[in-house]
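The values are calculated or read from the model by the stated rules, or taken from the named source; none is laboratory data. Every value quoted in this text rests on a predicted model; they were computed, and no experiment measured them. Positions of Cβ are generated from backbone atoms using ideal geometry, with glycine treated the same way; all protein chains shown enter the neighbour counts.
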Amino acid sequence: FDAWVDVQRRWVYLEGIFFGSADIKAQLPAEFSRFKAVDSEFVQLMRRVSQNSLVLEVMDIENLSRQLERQADLMSRIQKALGEYLERQRAAFSRFYFVGDEDLLEIIGNGKEPR
């Protein structure tokens, strides 16, 4: 279940970004809206998985593989849009080229407009 691992990894990464920073939500409202939909779907699927204690029961969940692949695709698109946003920020502020994505997200998420 490589798709499952991929979805979980992406979900953890994006959840920290979108639910951890109100500023990022405000600056990327379309991506936040998409992530909320994926988040709801993913959490619901994980609840269904947690109700089944046997692997074979989990494997029998209807359309499990297709759901995970769809969620991975949606999260990939969200991550791509997030990367494009970071590149626009780097183009606007050249000092950001020396900052990694994680640090840049933290700077943007915790930054305030100067008075």
Which listed residue, of Leu64, Leu68, is under 19 Å from the mean Cα position of the chain (by Cα) and surrounded by 16 or more Cβ atoms within 10 Å (Cβ to Cβ): Leu68
Members of the range 84-102 that are at pLDDT 85 or above and under 17 Å from Ser21 (Cα atoms): Tyr85, Leu86, Gln89, Asp101
Test result for Ala26, exposed (fewer than 12 other Cβ atoms within 10 Å of the Cβ) and touching a residue at least 12 places away in the same chain (Cβ under 8 Å): no
Which listed residue, of Arg90, Arg77, is surrounded by 11 or more Cβ atoms within 10 Å (Cβ to Cβ) and within 14 Å of the chain's Cα centre (by Cα): Arg77
